1. If only one of Leu172, Leu106 is modelled with pLDDT under 85 and farther than 23 Å from Pro42 by Cα, which one is it?
2. Here is a check on your reading of the model: is Arg154 surrounded by 13 or more Cβ atoms within 10 Å (Cβ to Cβ), over 23 Å from Gln33 (Cβ atoms) and either modelled with pLDDT under 90 or touching a Cys at 6+ places or on another chain (Cβ under 8 Å) (or both)?
3. Cβ contacts < 6 Å: first residue over 16 Å from Ala127 (Cβ atoms), restricted to segment 147-158; second residue open to solvent by 70 Å² or more (accessible area, probe 1.4 Å) and of a type outside the set (Asp, Glu), any location; separation 6+ or different chain. Result?
4. Name the single residue, out of those in segment 157-196 being open to solvent by less than 30 Å² (accessible area, probe 1.4 Å) and small (Gly, Ala, Ser), that is farthest from Asp130 (Cα to Cα).
5. Given the criteria under 25 Å from Glu177 (Cα atoms), assigned to a helix (DSSP H, G or I) and out of contact with any helix residue (DSSP H, G or I) (no Cβ under 8 Å at 6 or more places or on another chain), does Ser67 qualify?
6. In this structure, is Thr43 buried (at least 19 other Cβ atoms within 10 Å of the Cβ), out of contact with any His (no Cβ under 6 Å at 6 or more places or on another chain), in contact (Cβ under 8 Å) with a residue 12 or more places away in the chain and hydroxyl-bearing (Ser, Thr, Tyr)?
7. Gly161 passes all but one of (1) touching a residue at least 60 places away in the same chain (Cβ under 8 Å); (2) not in a helix (DSSP H, G or I); which number fails?
8. Tell me, please, whether a residue that is among the β-branched types (Val, Ile, Thr), more than 14 Å from Arg88 (Cα to Cα) and not in a helix (DSSP H, G or I) can be found in segment 135-144.
Amino acid sequence: MRHDVFSARMAPPSRALLPERIDWSAVKYLWVQDALDEINAPTLFFPCVVFMDDTWAYLALTTDITSARQCVARLGAAYDKPVKDWTRPAPETLADESFLHSVRDLLPADHGREIPEQEPEWGPGWAQTDDLFRNGATDAEFMHELAEMERIARETFSVDGISQADLNMAFLAIRKEAVHRWLMLHVANPRQKVAS
């Protein structure tokens with residue numbers, strides 16, 4: 001799963017690392033970070049670089065999605081480095097059972113599962129969130145689907161003897177991430193209005 005530090009909601013950075021000052025042999029990948037404040041401010045998007053030691057830095061102080069995507073795409077092509085853009089919807093091939101896996105991953109260790117190395121780095125609840133987004137679901141449909149997934153997961157895990165407190169903690173974390181993801185997808189990928 002992606003690193004939690006990358007999804008931090010924070011104040012805009014005061015400075016950026018200039019591309020000419022980067023040792024590009026030490027770069028793992030480039031990515032677009034979203035800083036979503038659902039209440040007080042618009043969403044900001046920053047192009048970032050991640051190094052082999054998993055430290056990271058801002059590449060520019062631009063805050064709009066188009067400029068951030070263009071920056072990482074340009075530098076990724078120029079220096080032959082991969083770009084991970086979680087502001088775009090996840091591929092449709094993401095496993096349908098990922099919601100249950102997300103719940104397991106947040107439960108105490110004895111109920112967790114080993115994640116294969118080749119599994120994509122997507123956040124909890126993203127498969128369903130992104131699928132609903134791609135299919136044009138409304139906010140109400142999204143919330144209904146999220147509640148339905150929680151109901152199915154609760155039935156699935158109740159037979160395993162997992163405490164309701166542990167399940168509630170997992171569902172709360174997944175719901176928070178899914179709602180953040182839903183809002184960010186709409187800001188980063190605005191829909192074209194159909195003329196009537």
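1. Values: Leu172 fails: modelled with pLDDT under 85.
Only one candidate passes the filter, namely Leu106.
2. Working: surrounded by 13 or more Cβ atoms within 10 Å (Cβ to Cβ): yes; over 23 Å from Gln33 (Cβ atoms): yes; either modelled with pLDDT under 90 or touching a Cys at 6+ places or on another chain (Cβ under 8 Å) (or both): yes.
Answer is yes for this residue.
3. Correct list of pairs: empty, since none qualify.
4. If we take residues in segment 157-196 being open to solvent by less than 30 Å² (accessible area, probe 1.4 Å) and small (Gly, Ala, Ser), then Ala170 is farthest from Asp130 (Cα to Cα).
5. On the way: under 25 Å from Glu177 (Cα atoms): yes; assigned to a helix (DSSP H, G or I): yes; out of contact with any helix residue (DSSP H, G or I) (no Cβ under 8 Å at 6 or more places or on another chain): yes.
Considered against the rule, which asks whether it is under 25 Å from Glu177 (Cα atoms), assigned to a helix (DSSP H, G or I) and out of contact with any helix residue (DSSP H, G or I) (no Cβ under 8 Å at 6 or more places or on another chain), Ser67 comes out as yes.
6. Working: buried (at least 19 other Cβ atoms within 10 Å of the Cβ): yes; out of contact with any His (no Cβ under 6 Å at 6 or more places or on another chain): yes; in contact (Cβ under 8 Å) with a residue 12 or more places away in the chain: yes; hydroxyl-bearing (Ser, Thr, Tyr): yes.
It is true that Thr43 is buried (at least 19 other Cβ atoms within 10 Å of the Cβ), out of contact with any His (no Cβ under 6 Å at 6 or more places or on another chain), in contact (Cβ under 8 Å) with a residue 12 or more places away in the chain and hydroxyl-bearing (Ser, Thr, Tyr).
7. (1)
8. From segment 135-144, those among the β-branched types (Val, Ile, Thr) are 138; that's our starting set.
Then keep just the ones that are more than 14 Å from Arg88 (Cα to Cα); that gives 138.
After this cut, where a residue has to be not in a helix (DSSP H, G or I) as well, the list is 138.
Yes, because at least one residue in segment 135-144 is among the β-branched types (Val, Ile, Thr), more than 14 Å from Arg88 (Cα to Cα) and not in a helix (DSSP H, G or I).
The values are calculated or read from the model by the stated rules, or taken from the named source; none is laboratory data. Predicted, not measured: the structure shown is a model, and the values here were computed from it. Every residue, glycine as well, gets a Cβ built from its backbone with ideal geometry; the counts of neighbours run over all protein chains shown. In case anyone asks, the SASA skips ligands and DNA or RNA and just uses the protein heavy atoms, side chains included. Shrake-Rupley method; radii C 1.70, N 1.55, O 1.52, S 1.80 Å.
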